[in-house]
Amino acid sequence: MTQTHEKPRSFAKSLFAGKLPSEMVFPYPHLDRTEGKRVKELISSANEFLTDAYKPQQVEAERWIGDDIITGLGERGLLGLYVSSEYGGQGLSQTGYCRVMEEFGAHDATLSVVMGVHQSIGMKPIHLFGSDDQKERFLPDLASGRKLAGFALTEPNAGSDAHSISTWADRQSDGSYILNGEKRWIGNGDKDVLCVFANSDDGHVALIVEKDFPGLDSSHRYDTLGLRGNSLRRLRFRNVKVPADNVIGKPGEGFRIAMHTLNNGRMSLGTGAVGSAKNLIQKAIAHTQEREQFGRPLAEFELVEDKIGWMVSYLYGLESMSYLTTGLVDSGVKDFAIESAMTKVAASEYIWYATNRVFQLYGGAAYMADSPIAKTLRDARIFPVFEGANDVLRAFTALSGLKTVADSLDDLRGLSLSDPVASIGTVAEYVVERISRTVSPDKVDQAHPKLRRQADSVSDQVARLRATTEKLLRIHGREVEERQRQQKRLAHAATDIYAQIATISRTTALFEDQGVEMSGRERYIATSFCDRAATRVSHQYNRVDDNDDDQLRSIARLAYNRGGYTPLGPA
């Protein structure tokens with residue numbers, strides 16, 4: 001166990017630094033009895049209502065989840081889950097909120113997204129950064145479902161590069177702003193309350209724009225591949241006057257507010273994917289047990305078992321890291337941006353690959369337009385794109401880790417990766433040899449003895465993460481910012497390490513609560529996930545030195561020059 005004088009600000013950044021502050025993640029977080037009971041009641045209420053009232057195919061056909069659904073969820077207290085009771089909400093913790101959001105994901109991806117837009121990001125800036133007056137004016141209606149919220153950040157020329165938004169807000173003498181510009185792909189964009197982010201002479205600002213404000217045009221609706229019940233809109237602002245009372249936080253804080261909101265929102269996206277995957281696996285098992293080929297059920301074939309086994313094992317790891325992340329937030333950890341990003345990437349890619357596997361198990365039936373698996377496939381494809389494109393989040397994860405290590409070294413302390421610095425040019429062999437003498441792995445002493453092999457392995461992986469991160473810094477210097485292939489390897493390794501630690505912590509708690517014998521199935525699932533993840537981590541480290549990056553770059557540049565695939569020689 002790492003001995004520290006003060007609690008680290010970020011568990012994930014500690015991993016890059018070669019530290020394993022186990023006290024942050026052991027014991028595995030759980031809801032207290034009172035909140036746990038309340039969450040179960042809310043989930044039961046949601047399930048009872050949605051099972052009868054919510055029809056996914058009807059939602060897709062009518063292109064909206066239905067005002068009656070909104071009303072019903074609001075009446076059951078499901079639209080203000082984290083909002084305090086003072087404003088008519090349930091006052092749930094981050095973990096409690098995400099547990100209920102998981103239930104929405106189990107019913108339908110569109111429902112999960114509409115609820116996420118409303119609660120995870122739409123009204124979240126008001127909840128986190130709004131004044132008492134703003135909370136009193138907006139939160140009761142939003143928590144009850146009398147009004148819905150949206151989050152307006154993305155623009156035609158500012159997607160992943162959210163800092164470069166061009167929507168402009170001119171500050172007036174009375175503190176109000178005149179808003180002009182355009183946003184696109186805004187969920188709930190035609191609803192009641194929009195948190196809009198704009199640039200101004202004061203820097204970025206966060207503004208509450210109400211549906212009836214003159215000059216707001218949300219009439220254009222996008223026609224989408226999936227999530228067709230989500231009202232996705234283009235917003236145009238033509239001299240929209242936003243009163244001073246509707247400015248969230250201070251002028252200049254808008255970008256920070258937007259990013260902090262998205263960090264929160266990514267967690268519920270992850271747990272929504274957990275709910276969707278559980279439902280998907282149930283469907284796959286029912287189908288493969290009922291469907292027969294060559295005189296026996298599909299479920300008996302090894303390649304079918306491989307698909308089901310992979311989905312179950314990976315889901316256990318994903319669920320573990322998702323709720324470890326929410327537990328870190330509930331414990332008071334302030335910097336959880338990397339953990340949130342890693343969870344979002346892992347969850348969004350898992351649900352996409354899991355859906356493809358289930359599609360394969362269903363065969364031709366899944367290809368029919370009215371198949372629920374076809375709908376799931378179309379719905380799932382957007383998740384790696386929105387709330388932070390996955391490649392951007394990979395780069396963010398890696399660069400955050402690189403900066404952490406740079407700041408910890410005497411000869412690199414204070415290095416800003418955005419500032420020009422000369423390449424240090426240290427040879428890789430020297431770096432690896434030096435680090436092996438100075439960095440010894442922390443041990444995960446709290447892990448259950450039955451998980452000792454996995455715990456020791458992850459300790460070694462953390463030490464190697466630190467060594468690999470420093471090596472890349474010393475070899476590439478400032479140019480490491482451009483080495484996105486290497487950044488991807490670091491991010492993938494760190495994500496799998498984090499997932500293993502979460503799985504070990506969760507399973508340790510399970511063993512201590514129920515005993516190893518009673519938890520035999522979970523033991524196999526956990527060790528399978530960790531062993532496979534460890535193999536993936538080793539592969540990422542090995543590829544840092546043994547790769548074909550230069551060849552791929554040359555191939556891509558050649559294709560750019562030729563405008564496509566045009567090899568020389570006979571076909």
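The values are calculated or read from the model by the stated rules, or taken from the named source; none is laboratory data. No experiment lies behind these values; they were computed from the predicted model shown. Here the Cβ is made from the backbone with ideal geometry for all residues, glycine too, and neighbour counts use every protein chain on show. The area values use the complete protein model at the heavy-atom level, side chains included, leaving out ligands, DNA and RNA. Shrake-Rupley method; radii C 1.70, N 1.55, O 1.52, S 1.80 Å.
So here's what we get for this one:
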| read-out | value |
| --- | --- |
| Cα-based Lys proximity count in the range 159-279, under 28 Å, for pairs eight or more positions apart or on separate chains | 10 |
| Value at 222 nm in deg cm²/dmol, rounded to 500, when DSSP H runs of n ≥ 4 in the chain each add -39,500 (n - 2.57) | -18000 deg cm²/dmol |
| Rg(Cα) / (2.2 N^0.38 Å) computed for the range 52-91, rounded to two decimals | 1.41 |
| Proportion of all alpha-carbon pairs of the chain beyond 48 Å (%) | 13 percent |
| Per residue solvent-accessible surface (Å²) - the chain, probe of 1.4 Å | 45 Å² |
| Carbon and sulfur %, accessible surface of the range 209-307 computed with the full protein complex present, 1.4 Å | 47 percent |
| Listed pairs Lys124/Lys488; Lys40/Lys403; Lys19/Lys375 exceeding 32 Å between Cα atoms | Lys40/Lys403; Lys19/Lys375 |
| Separation of alpha-carbon centers, the range 495-539 and the range 372-399, rounded to whole Å | 25 Å |
| Alpha carbon convex hull of the range 117-161, volume per residue in cubic angstrom | 86 Å³ |
| HN-Hα J in Hz across the range 315-320 - Karplus 6.51, -1.76, 1.60, θ = phi - 60°, x for Gly and Pro | 5, 4, x, 5, 4, 4 |
| Long-range HN-HN contacts of Ile248 with modeled amide H, under 5 Å | Ala206, Leu207, Ile208 |
| Calculated from backbone phi, Karplus (6.51, -1.76, 1.60) coupling profile of the range 463-479 in Hz, x at Gly/Pro | 4, 6, 4, 4, 5, 5, 5, 5, 4, 5, 4, 6, 6, 9, x, 4, 5 |
| Equivalent ellipsoid, the range 445-571 (semi-axes from 5 times Cα gyration tensor eigenvalues, Å) | 40, 18, 10 |
| Relative packing of 126-135, 397-406, which averages over residues the other C-beta atoms within 10 Å, highest first | 397-406, 126-135 |
| By accessible area with a 1.4 Å probe, ligands and nucleic acids excluded, highest first: order of Arg553, Arg523 | Arg553, Arg523 |
| Karplus-derived HN-Hα couplings along the range 493-502 (A = 6.51, B = -1.76, C = 1.60, θ = phi - 60°), whole Hz, x at Gly and Pro | 5, 4, 5, 5, 5, 4, 5, 5, 4, 4 |
| Simple Cβ-charge dipole of the chain, Lys/Arg +1 and Asp/Glu -1, about Cα centre, in debye nearest 20 | 780 debye |
| Unit charges at the beta carbon, dipole of the chain: most positive-side option, Asn356, Ala455, Asn188 | Asn356 |
| Apportionment of accessible area to carbon and sulfur, the range 512-571, percent (1.4 Å) | 50 percent |
| Restricting the range 295-379 to trypsin sites (Lys or Arg not before Pro) in coil, as DSSP defines it, with at most 15 other Cβ within 10 Å | Lys334 |
